[in-house]
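Below: one structure, written as C-alpha coordinates.
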2 protein chains.
Amino acid sequence: MSLSMHRVSVPVFVRGLKVLSDLLGKAEAYAEQHGSVPDALISARLADDMLPLSAQVQRASDTSKLSVERLSGVPAPKFEDNETSFAQLQQRIADTIAYLDSVAESDFAGSEARAIKLNFGSFQPEFKGDDYLLTFALPNFFFHIATAHDILRNQGVPVGKRDYLGAYA
Amino acid sequence: MSLSMHRVSVPVFVRGLKVLSDLLGKAEAYAEQHGSVPDALISARLADDMLPLSAQVQRASDTSKLSVERLSGVPAPKFEDNETSFAQLQQRIADTIAYLDSVAESDFAGSEARAIKLNFGSFQPEFKGDDYLLTFALPNFFFHIATAHDILRNQGVPVGKRDYLGAYA
(Lines give C-alpha, C1' and ligand atoms only; values in the text may rest on other atoms or scores of the structure.)
Protein backbone atom coordinates (compact mmCIF):
# COMPACT_ATOMS: atom_id res chain seq x y z
CA MET A 1 0.00 0.00 0.00
CA SER A 2 1.25 3.44 -0.80
CA LEU A 3 0.16 6.92 -1.75
CA SER A 4 -0.92 7.94 -5.22
CA MET A 5 0.21 11.20 -6.79
CA HIS A 6 -3.42 12.32 -6.68
CA ARG A 7 -3.68 11.56 -2.96
CA VAL A 8 -0.57 13.64 -2.20
CA SER A 9 -1.76 16.62 -4.22
CA VAL A 10 -5.47 17.28 -4.83
CA PRO A 11 -6.95 16.66 -1.37
CA VAL A 12 -3.93 18.25 0.30
CA PHE A 13 -4.36 21.41 -1.78
CA VAL A 14 -8.13 21.48 -1.32
CA ARG A 15 -7.74 21.16 2.43
CA GLY A 16 -5.15 23.95 2.53
CA LEU A 17 -7.33 26.24 0.42
CA LYS A 18 -10.27 25.67 2.78
CA VAL A 19 -8.01 26.61 5.69
CA LEU A 20 -7.06 29.76 3.79
CA SER A 21 -10.74 30.56 3.16
CA ASP A 22 -11.44 30.17 6.86
CA LEU A 23 -8.52 32.47 7.76
CA LEU A 24 -9.83 35.12 5.34
CA GLY A 25 -13.31 34.80 6.82
CA LYS A 26 -11.92 35.53 10.28
CA ALA A 27 -9.88 38.44 8.93
CA GLU A 28 -12.95 39.97 7.31
CA ALA A 29 -14.98 39.57 10.50
CA TYR A 30 -12.17 41.20 12.48
CA ALA A 31 -12.08 44.19 10.12
CA GLU A 32 -15.86 44.60 10.40
CA GLN A 33 -15.83 44.38 14.19
CA HIS A 34 -13.09 46.98 14.44
CA GLY A 35 -14.60 49.28 11.83
CA SER A 36 -11.34 49.14 9.90
CA VAL A 37 -10.89 49.18 6.15
CA PRO A 38 -10.60 45.61 4.79
CA ASP A 39 -7.96 46.82 2.34
CA ALA A 40 -5.54 47.46 5.21
CA LEU A 41 -5.44 43.71 5.79
CA ILE A 42 -5.66 42.70 2.14
CA SER A 43 -2.63 44.83 1.30
CA ALA A 44 -0.65 43.98 4.46
CA ARG A 45 2.76 42.39 4.10
CA LEU A 46 5.64 41.29 6.35
CA ALA A 47 8.42 43.09 4.48
CA ASP A 48 8.53 45.76 1.80
CA ASP A 49 9.81 43.24 -0.73
CA MET A 50 7.31 40.53 0.15
CA LEU A 51 3.88 39.99 -1.39
CA PRO A 52 0.75 41.25 0.37
CA LEU A 53 -2.05 39.06 1.66
CA SER A 54 -4.02 39.21 -1.61
CA ALA A 55 -1.03 37.93 -3.57
CA GLN A 56 -0.40 35.14 -1.06
CA VAL A 57 -3.93 33.93 -1.86
CA GLN A 58 -3.33 34.28 -5.62
CA ARG A 59 -0.05 32.36 -5.42
CA ALA A 60 -1.60 29.58 -3.30
CA SER A 61 -4.27 29.30 -5.99
CA ASP A 62 -1.72 29.26 -8.81
CA THR A 63 0.66 26.83 -7.12
CA SER A 64 -2.09 24.31 -6.57
CA LYS A 65 -3.85 24.57 -9.92
CA LEU A 66 -0.70 24.84 -12.02
CA SER A 67 1.00 21.91 -10.33
CA VAL A 68 -2.08 19.75 -10.84
CA GLU A 69 -2.25 20.92 -14.47
CA ARG A 70 1.42 20.04 -15.00
CA LEU A 71 1.05 16.62 -13.37
CA SER A 72 -2.32 15.62 -14.84
CA GLY A 73 -2.39 17.45 -18.15
CA VAL A 74 -5.91 18.73 -17.37
CA PRO A 75 -5.94 22.45 -18.29
CA ALA A 76 -6.45 24.75 -15.32
CA PRO A 77 -8.51 27.95 -15.49
CA LYS A 78 -6.58 31.20 -15.80
CA PHE A 79 -7.26 34.05 -13.39
CA GLU A 80 -6.25 37.68 -13.76
CA ASP A 81 -4.90 38.34 -10.26
CA ASN A 82 -7.24 41.32 -9.96
CA GLU A 83 -8.94 40.41 -6.68
CA THR A 84 -9.14 43.38 -4.29
CA SER A 85 -11.86 42.36 -1.80
CA PHE A 86 -12.39 39.47 0.58
CA ALA A 87 -15.38 38.37 -1.52
CA GLN A 88 -13.24 38.24 -4.66
CA LEU A 89 -10.46 36.35 -2.89
CA GLN A 90 -13.01 33.84 -1.60
CA GLN A 91 -14.32 33.40 -5.14
CA ARG A 92 -10.78 32.80 -6.40
CA ILE A 93 -10.35 30.06 -3.79
CA ALA A 94 -13.72 28.51 -4.66
CA ASP A 95 -12.91 28.52 -8.39
CA THR A 96 -9.54 26.91 -7.69
CA ILE A 97 -11.12 24.18 -5.58
CA ALA A 98 -13.72 23.53 -8.30
CA TYR A 99 -10.92 22.90 -10.80
CA LEU A 100 -8.95 20.68 -8.41
CA ASP A 101 -12.05 18.62 -7.63
CA SER A 102 -12.65 18.12 -11.36
CA VAL A 103 -9.34 16.27 -11.87
CA ALA A 104 -9.65 12.51 -11.47
CA GLU A 105 -7.25 10.05 -9.93
CA SER A 106 -6.89 8.46 -13.37
CA ASP A 107 -5.68 11.75 -14.88
CA PHE A 108 -2.51 11.37 -12.80
CA ALA A 109 -1.46 8.10 -14.48
CA GLY A 110 2.29 8.20 -15.10
CA SER A 111 2.64 11.60 -13.45
CA GLU A 112 5.48 10.42 -11.16
CA ALA A 113 7.82 10.16 -14.15
CA ARG A 114 6.54 13.13 -16.15
CA ALA A 115 9.27 15.65 -17.03
CA ILE A 116 8.45 19.12 -15.72
CA LYS A 117 10.44 22.23 -16.52
CA LEU A 118 9.67 25.59 -14.97
CA ASN A 119 10.72 28.95 -16.32
CA PHE A 120 11.43 31.82 -13.95
CA GLY A 121 13.85 33.67 -16.22
CA SER A 122 17.34 32.77 -15.05
CA PHE A 123 15.88 30.11 -12.75
CA GLN A 124 14.65 27.14 -14.82
CA PRO A 125 14.46 24.10 -12.60
CA GLU A 126 13.70 20.69 -14.13
CA PHE A 127 12.07 17.84 -12.27
CA LYS A 128 10.54 14.41 -12.49
CA GLY A 129 6.88 14.65 -11.50
CA ASP A 130 7.29 13.10 -8.07
CA ASP A 131 10.24 15.32 -7.16
CA TYR A 132 8.33 18.33 -8.47
CA LEU A 133 5.38 17.61 -6.21
CA LEU A 134 7.40 16.82 -3.08
CA THR A 135 10.24 19.33 -3.30
CA PHE A 136 8.62 22.26 -5.09
CA ALA A 137 4.82 22.28 -5.33
CA LEU A 138 3.95 21.25 -1.78
CA PRO A 139 6.58 23.41 -0.02
CA ASN A 140 5.60 26.37 -2.22
CA PHE A 141 1.89 25.88 -1.54
CA PHE A 142 2.31 25.68 2.23
CA PHE A 143 4.59 28.72 2.14
CA HIS A 144 1.73 30.86 0.91
CA ILE A 145 -0.84 29.45 3.34
CA ALA A 146 1.53 29.86 6.31
CA THR A 147 2.56 33.35 5.20
CA ALA A 148 -1.09 34.42 4.84
CA HIS A 149 -1.57 33.22 8.42
CA ASP A 150 1.61 35.00 9.52
CA ILE A 151 0.51 38.29 7.92
CA LEU A 152 -2.82 38.13 9.76
CA ARG A 153 -1.13 37.33 13.09
CA ASN A 154 1.34 40.17 12.50
CA GLN A 155 -1.64 42.48 11.92
CA GLY A 156 -3.29 41.46 15.17
CA VAL A 157 -6.10 39.34 13.71
CA PRO A 158 -7.14 36.75 16.31
CA VAL A 159 -6.29 33.60 14.37
CA GLY A 160 -3.93 30.91 15.58
CA LYS A 161 -2.02 27.80 14.74
CA ARG A 162 -5.12 25.64 15.10
CA ASP A 163 -6.82 27.69 12.39
CA TYR A 164 -3.85 26.91 10.15
CA LEU A 165 -3.89 23.22 10.99
CA GLY A 166 -7.64 23.05 10.48
CA ALA A 167 -10.29 21.60 12.73
CA TYR A 168 -10.07 17.97 13.78
CA ALA A 169 -12.15 18.13 16.95
CA MET B 1 3.92 3.28 -9.43
CA SER B 2 3.25 5.44 -6.43
CA LEU B 3 4.85 7.12 -3.45
CA SER B 4 5.85 5.31 -0.28
CA MET B 5 5.20 6.79 3.15
CA HIS B 6 8.96 7.04 3.59
CA ARG B 7 9.34 8.96 0.34
CA VAL B 8 6.70 11.51 1.37
CA SER B 9 8.24 12.08 4.80
CA VAL B 10 11.96 11.49 5.44
CA PRO B 11 13.56 13.14 2.37
CA VAL B 12 10.97 15.94 2.42
CA PHE B 13 11.78 16.72 6.05
CA VAL B 14 15.54 16.43 5.51
CA ARG B 15 15.36 18.80 2.57
CA GLY B 16 13.30 21.32 4.55
CA LEU B 17 15.70 21.16 7.50
CA LYS B 18 18.63 21.83 5.18
CA VAL B 19 16.78 24.86 3.83
CA LEU B 20 16.26 26.01 7.42
CA SER B 21 19.96 25.51 8.18
CA ASP B 22 20.84 27.62 5.15
CA LEU B 23 18.43 30.38 6.25
CA LEU B 24 20.00 30.42 9.71
CA GLY B 25 23.48 30.60 8.18
CA LYS B 26 22.47 33.69 6.22
CA ALA B 27 20.87 35.21 9.31
CA GLU B 28 24.06 34.69 11.33
CA ALA B 29 26.19 36.20 8.58
CA TYR B 30 23.84 39.19 8.42
CA ALA B 31 24.10 39.76 12.18
CA GLU B 32 27.90 39.59 12.00
CA GLN B 33 28.09 42.00 9.06
CA HIS B 34 25.87 44.51 10.83
CA GLY B 35 27.58 44.12 14.20
CA SER B 36 24.22 43.28 15.74
CA VAL B 37 23.52 40.85 18.56
CA PRO B 38 22.53 37.43 17.16
CA ASP B 39 19.99 37.08 19.94
CA ALA B 40 17.91 39.90 18.43
CA LEU B 41 17.20 37.62 15.47
CA ILE B 42 17.00 34.39 17.46
CA SER B 43 14.33 35.88 19.73
CA ALA B 44 12.46 37.76 16.97
CA ARG B 45 8.79 36.96 16.38
CA LEU B 46 5.93 38.19 14.18
CA ALA B 47 3.39 38.69 16.96
CA ASP B 48 3.57 38.82 20.75
CA ASP B 49 1.70 35.52 20.99
CA MET B 50 3.75 33.73 18.34
CA LEU B 51 6.91 31.72 18.89
CA PRO B 52 10.34 33.28 18.22
CA LEU B 53 12.80 32.08 15.59
CA SER B 54 14.53 29.65 17.97
CA ALA B 55 11.25 27.93 18.75
CA GLN B 56 10.31 27.73 15.06
CA VAL B 57 13.52 25.71 14.60
CA GLN B 58 12.73 23.54 17.62
CA ARG B 59 9.20 22.85 16.40
CA ALA B 60 10.38 22.03 12.87
CA SER B 61 12.78 19.55 14.48
CA ASP B 62 10.08 18.05 16.68
CA THR B 63 7.43 17.88 13.98
CA SER B 64 9.74 15.96 11.67
CA LYS B 65 11.29 13.57 14.19
CA LEU B 66 8.09 12.90 16.14
CA SER B 67 6.03 12.23 13.04
CA VAL B 68 8.66 9.80 11.75
CA GLU B 69 8.78 8.16 15.18
CA ARG B 70 4.99 7.80 15.22
CA LEU B 71 4.87 6.38 11.70
CA SER B 72 7.91 4.09 11.86
CA GLY B 73 8.07 3.14 15.54
CA VAL B 74 11.80 4.00 15.58
CA PRO B 75 12.41 6.03 18.78
CA ALA B 76 13.50 9.61 18.12
CA PRO B 77 16.05 11.43 20.27
CA LYS B 78 14.70 13.90 22.80
CA PHE B 79 16.04 17.45 22.90
CA GLU B 80 15.65 19.95 25.71
CA ASP B 81 14.66 23.04 23.68
CA ASN B 82 17.49 24.97 25.32
CA GLU B 83 19.23 26.25 22.17
CA THR B 84 20.11 29.95 22.41
CA SER B 85 22.77 30.43 19.71
CA PHE B 86 22.97 29.88 15.97
CA ALA B 87 25.57 27.15 16.56
CA GLN B 88 23.24 25.31 18.93
CA LEU B 89 20.29 25.62 16.54
CA GLN B 90 22.45 24.26 13.71
CA GLN B 91 23.42 21.33 15.94
CA ARG B 92 19.76 20.67 16.69
CA ILE B 93 19.05 20.53 12.97
CA ALA B 94 22.03 18.24 12.32
CA ASP B 95 20.98 15.87 15.12
CA THR B 96 17.44 15.77 13.75
CA ILE B 97 18.66 14.97 10.25
CA ALA B 98 20.92 12.21 11.63
CA TYR B 99 17.89 10.56 13.23
CA LEU B 100 15.74 10.93 10.12
CA ASP B 101 18.48 9.44 7.94
CA SER B 102 18.73 6.46 10.29
CA VAL B 103 15.13 5.36 9.65
CA ALA B 104 14.81 2.86 6.80
CA GLU B 105 12.12 2.55 4.18
CA SER B 106 11.27 -0.85 5.67
CA ASP B 107 10.55 0.71 9.07
CA PHE B 108 7.51 2.37 7.50
CA ALA B 109 5.80 -0.92 6.60
CA GLY B 110 2.10 -0.61 7.38
CA SER B 111 2.43 3.00 8.47
CA GLU B 112 -0.40 4.17 6.19
CA ALA B 113 -2.95 2.38 8.37
CA ARG B 114 -1.32 2.95 11.76
CA ALA B 115 -3.63 4.65 14.28
CA ILE B 116 -2.14 7.87 15.61
CA LYS B 117 -3.63 9.90 18.44
CA LEU B 118 -2.17 13.22 19.51
CA ASN B 119 -2.73 14.88 22.84
CA PHE B 120 -2.76 18.66 23.10
CA GLY B 121 -4.98 18.87 26.18
CA SER B 122 -8.49 19.61 24.95
CA PHE B 123 -7.35 19.01 21.36
CA GLN B 124 -6.81 15.28 20.79
CA PRO B 125 -6.98 14.57 17.09
CA GLU B 126 -6.92 10.97 15.86
CA PHE B 127 -5.69 9.90 12.45
CA LYS B 128 -4.81 7.01 10.22
CA GLY B 129 -1.09 7.23 9.40
CA ASP B 130 -1.53 8.50 5.86
CA ASP B 131 -3.98 11.22 6.90
CA TYR B 132 -1.67 12.18 9.75
CA LEU B 133 1.26 12.67 7.41
CA LEU B 134 -0.65 14.56 4.71
CA THR B 135 -3.02 16.70 6.76
CA PHE B 136 -1.04 17.33 9.94
CA ALA B 137 2.67 16.52 9.89
CA LEU B 138 3.59 18.03 6.51
CA PRO B 139 1.50 21.23 6.86
CA ASN B 140 2.81 21.69 10.40
CA PHE B 141 6.43 21.16 9.32
CA PHE B 142 6.24 23.64 6.45
CA PHE B 143 4.52 26.15 8.71
CA HIS B 144 7.62 26.36 10.88
CA ILE B 145 10.07 26.54 7.96
CA ALA B 146 8.01 29.25 6.23
CA THR B 147 7.51 31.18 9.46
CA ALA B 148 11.26 31.09 10.20
CA HIS B 149 11.76 32.56 6.72
CA ASP B 150 9.03 35.13 7.35
CA ILE B 151 10.56 36.21 10.66
CA LEU B 152 13.94 36.77 8.98
CA ARG B 153 12.36 38.73 6.11
CA ASN B 154 10.40 40.80 8.61
CA GLN B 155 13.69 41.54 10.41
CA GLY B 156 15.34 42.73 7.20
CA VAL B 157 17.64 39.74 6.67
CA PRO B 158 18.37 39.46 2.93
CA VAL B 159 16.86 36.04 2.30
CA GLY B 160 14.18 35.32 -0.24
CA LYS B 161 11.70 32.84 -1.61
CA ARG B 162 14.40 31.00 -3.52
CA ASP B 163 16.24 30.35 -0.27
CA TYR B 164 13.02 28.80 1.05
CA LEU B 165 12.50 26.71 -2.06
CA GLY B 166 16.14 25.62 -2.05
CA ALA B 167 18.63 25.64 -4.89
CA TYR B 168 17.87 23.72 -8.07
CA ALA B 169 20.17 25.58 -10.42
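The values are calculated or read from the model by the stated rules, or taken from the named source; none is laboratory data. Predicted model, so just to flag it, every value in this text is computed and none were measured. Methodologically, a virtual Cβ is constructed for each residue, glycine included, from the backbone with ideal geometry; neighbour enumeration extends over all protein chains shown. Just the protein is used for accessible areas: all its heavy atoms, side chains included, with ligands, DNA and RNA removed. Shrake-Rupley method; radii C 1.70, N 1.55, O 1.52, S 1.80 Å.
Look at (1) in a helix (DSSP H, G or I); (2) open to solvent by 60 Å² or more (accessible area, probe 1.4 Å); (3) more than 9 Å from chain B (Cβ to nearest Cβ) and you find that A:Arg162 fails only one, number (3). In the set A:Glu126, A:Glu105, only one residue is within 9 Å of chain B (Cβ to nearest Cβ) and open to solvent by 60 Å² or more (accessible area, probe 1.4 Å); that residue is A:Glu126.
Every listed requirement among (1) assigned to a loop (DSSP other than H, G, I, E, B); (2) under 29 Å from A:Lys117 (Cα atoms); (3) more than 10 Å from chain A (Cβ to nearest Cβ) is met by B:Ala167 save one, (3).
The residues listed here are A:Ala47, A:Ala40; of these, the one that is modelled with pLDDT of 95 or more and at negative phi is A:Ala47. Taking into account only those residues within segment B:31-55 that are within 14 Å of another protein chain (Cβ to nearest Cβ) and acidic (Asp, Glu), which is surrounded by the most Cβ atoms within 10 Å (Cβ to Cβ)? Taking the candidates together, the pick is B:Asp49. Please state which one of A:Glu28, A:Glu83 is touching a Phe, Trp or Tyr at 6+ places or on another chain (Cβ under 6 Å), surrounded by 14 or more Cβ atoms within 10 Å (Cβ to Cβ), of a type outside the set (Lys, Arg) and more than 17 Å from A:Ala137 (Cα to Cα). Testing whether each residue is touching a Phe, Trp or Tyr at 6+ places or on another chain (Cβ under 6 Å), surrounded by 14 or more Cβ atoms within 10 Å (Cβ to Cβ), of a type outside the set (Lys, Arg) and more than 17 Å from A:Ala137 (Cα to Cα) leaves just A:Glu28.
Are any of the residues in segment B:11-24 part of a loop (DSSP other than H, G, I, E, B), more than 7 Å from chain A (Cβ to nearest Cβ) and either among the hydrophobic types (A, V, I, L, M, F, W, C) or free of Cβ contacts under 8 Å to residues at least 12 places away in the same chain (or both)? Give the steps one after another, and end with the answer.
Here is the first cut: in segment B:11-24, the residues part of a loop (DSSP other than H, G, I, E, B) are none.
Scanning segment B:11-24 turns up no residue that is part of a loop (DSSP other than H, G, I, E, B), more than 7 Å from chain A (Cβ to nearest Cβ) and either among the hydrophobic types (A, V, I, L, M, F, W, C) or free of Cβ contacts under 8 Å to residues at least 12 places away in the same chain (or both).
Does A:Ala113 count as more than 14 Å from chain B (Cβ to nearest Cβ) and small (Gly, Ala, Ser)?
Working: more than 14 Å from chain B (Cβ to nearest Cβ): no; small (Gly, Ala, Ser): yes.
Criteria not met by A:Ala113.
Considering the conditions (1) within 13 Å of the chain's Cα centre (by Cα); (2) surrounded by fewer than 17 Cβ atoms within 10 Å (Cβ to Cβ), A:Val68 is excluded by exactly one of them, (2). A:Met1 satisfies every condition listed in (1) modelled with pLDDT of 95 or more; (2) over 30 Å from B:Gly156 (Cα atoms); (3) of a type in the set (A, V, I, L, M); (4) touching a helix residue (DSSP H, G or I) at 6+ places or on another chain (Cβ under 8 Å) except (1). Answer yes or no: is there a residue in segment B:111-122 that is under 28 Å from A:Ile151 (Cβ atoms) and within 15 Å of the chain's Cα centre (by Cα). No, there is no match, as no residue in segment B:111-122 is under 28 Å from A:Ile151 (Cβ atoms) and within 15 Å of the chain's Cα centre (by Cα). Listed by position, the helices (runs of 4 or more DSSP H) enclosed by segment B:49-155 that each have at least 1 residues that are over 15 Å from B:Ser9 (Cα atoms) and touching a helix residue (DSSP H, G or I) at 6+ places or on another chain (Cβ under 6 Å) are B:53-72, B:86-102, B:138-154.
Exactly one residue among B:Ala115, B:Ala148 is buried (at least 24 other Cβ atoms within 10 Å of the Cβ) and either at pLDDT 95 or above or in contact with a Pro (Cβ under 6 Å, 6 or more places away or on another chain) (or both), and that residue is B:Ala148. Residue selection: B:Ala94 satisfies the criterion of being under 14 Å from the mean Cα position of the chain (by Cα), among the hydrophobic types (A, V, I, L, M, F, W, C) and loosely packed, with under 15 Cβ neighbours inside 10 Å.
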